[in-house]
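J.: Before anything else, here's the structure in question.
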Amino acid sequence: MGIPVHKTPPNARTSYIIDQLEGERLTIPGSKGAFRILASSKQTDGGIAVFQSGAVLSDAPGFHWHNEAHDVFLVTKGYLKLWNGEKCRIMGPGDFAYVPPKIIHNPELLGPHTETLGLIAPGDWIDFFRYVAETYSGLIVPENDDRDLKSLLIPKVMAAKDRFDVHFARDYQPPEVGEWLDTENTLPGPLEPYFLRANTGPRWLLGGVLSRPFINASQCGEKFAISSIESSNAYPNSPLSKWISFPTVDHCFCVMEGLLKVKIKGEEDFNTVREGQTVVLSAGQSFTLEFASRYVRFISFTNGRGIEELIQTAGSPFSSFILPEEAPAWDEAAVQTVFEKLGVKVDA
């Protein structure tokens, strides 16, 4: 049978696949945009919510902040203008931003068709979107929804301001948009807001598996981690071809390029997860990965220290920008020690 394919996340903490442009699909009236929720509290034990967001040019929702919620923005298509604390940047494909609690922020999708991947922790915050939005049954985004966003949104927000962790900063004087800085290519310390330019930041290589972290668990109070994971079927003997399980950490893999094969223990066959699809692997589930095309890239979202931590701890810093022609050797005994240190279970 393999991993089941769903149009919306199942109502349990289990493993599943979501097809491209599917998920729990919502639109805020007049926003000309859609949210596609891929995983939230019921699938991650309250830890995180992962979603896609798409829109054409639309009004920004307004400057606001959260007491407890963490926000991230990863642009995959188009352009996003984001005010994040004392900075404002125009973000393009591959650019990333982290907004910790209590930081005033405001996203504006510039179009002409912008898509982002987002994460919110804790996962229950996604209920705010569910409250202010309505079900979207269209194709990609409601480009011709000309209803007045503010007249529809503000009454709902005011009625729910005590139910959700959203606090608007009405007299806030925002910073002007600025140019990207040469320093916006590193990961800062814990709970610092930041922008990370596309294809920069640290890189770690374990065998032929490359991890480019956008944010580590150590930066956000151990709430989550996000990384680009890349490899190739040209490399033999992948360190991720073992049966591994993370007892308390859920994984959400959004495949951006290539073919990723995933198998969960107890099932006979691999599931091929293609570009645009998402696979969620629940905590405690033993799984193995096979990189099934010449180049494979997926974005990994976890509600704790997950596969990205394993690659970073067992691997080595990598100075190049793309996968090497040949995978470097790796010490299986040393990797096993890292598995044990991180509490990762390895099955025969």
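Computed from the coordinates by the stated procedures, all read-outs in this text should not be read as laboratory data. Predicted model, so just to flag it, every value in this text is computed and none were measured. Backbone-built Cβ (ideal geometry, glycine too); neighbour counts: all protein chains shown.
J.: Relative contact order (percent) for the chain, with alpha-carbon contacts under 8 angstrom and 6 or more residues of separation?
T.: 18
J.: Relative to the first principal axis of the alpha-carbon coordinates of the chain, what is the inclination of helix 332-342, with its axis defined by its Cα atoms, in degrees from 0 to 90 and to the nearest 10?
T.: Here the helix axis deviates by roughly 40 degrees.
J.: Also, I was wondering about something else. Taking the simple approach of a point 7 Å from Cα along Cα-to-Cβ for both residue 243 and residue 171, what is their distance in nm?
T.: Using points 7 Å along Cα→Cβ, the separation is 6.3 nm.
J.: Using r as the Cβ-Cβ distance of residue 6 and residue 319, and R0 as 45 Å, what FRET efficiency do you calculate, to the nearest 0.05?
T.: Here the calculated transfer efficiency is 0.65.
J.: Want the number for residue 326 to residue 265: 0.36 nm per residue separation, take away the alpha-carbon distance, what's left?
T.: This chain segment gains 19.0 nm when fully extended.
J.: For residue 14 and residue 45, compute 0.36 nm times the residue count separating them, minus their Cα-Cα distance, and round to one decimal in nm.
T.: Full-extension gain reported as 10.1 nm.
J.: Compare 154, 140, 244 in a GNM of the chain, Cα atoms joined below 10 Å, and give the one with the largest fluctuation.
T.: Checking each option, the largest mean-square fluctuation is seen for 154.
J.: Ok, one more. Using the count of nearby Cβ atoms within 10 Å as a rough guide to exposure, how do 218, 41, 300, 137 rank from fewest to most?
T.: 137, 218, 41, 300
J.: Let me ask something else. If each residue's Cβ is checked for other Cβ atoms within 10 Å, how do 259, 196 rank with the fewest at the top?
T.: 259, 196
J.: Oh, and also: Averaging sequence separations of C-alpha pairs under 8 Å and six or more residues apart, then dividing by the length of the stretch 202-347, give the relative contact order as a whole percent.
T.: RCO, the stretch 202-347: 35 percent.
J.: If you don't mind, another one. Explain nothing, just the number: relative contact order of the stretch 23-194, from Cα pairs under 8 Å at least 6 residues apart, as a whole percent.
T.: After rounding, I find 31 percent.
J.: Find, to one decimal place in angstroms, the Kirkwood hydrodynamic radius of the stretch 23-194, where the mean of 1/r is taken over every pair of different Cα atoms and then inverted. Let's see the in-between values first.
T.: Details: mean 1/r = 0.0611 Å⁻¹.
16.4 Å is the Kirkwood radius here.
J.: Next up: Helix 149-160 versus the longest principal axis of the chain: what angle, 0 to 90°, nearest 10, using Cα atoms?
T.: Orientation of helix 149-160: about 80 degrees from the principal axis.
J.: Neighbouring Cβ atoms within 10 Å as the yardstick, rank 66, 6 fewest first.
T.: Numbers: 66 21, 6 15.
The fewest-first ordering by Cβ neighbours comes to 6, 66.
J.: When the helix-only estimate is applied to the chain (DSSP H runs of n ≥ 4, each -39,500 (n - 2.57), divided by the residue count), what is the mean residue ellipticity at 222 nm, nearest 500 deg cm²/dmol?
T.: -3000 deg cm²/dmol
J.: Continuing with the same structure: Find, among the GluC sites (Glu not before Pro) in the stretch 1-110, those assigned to loop by DSSP (not H, G, I, E, B) with at most 15 other beta-carbon atoms within 10 angstrom. List each step's numbers first, then the result.
T.: On the way: sites: 22, 24, 68, 86, 108; in loops: 22, 68, 86.
Sites meeting the loop and neighbour criteria: 68, 86.
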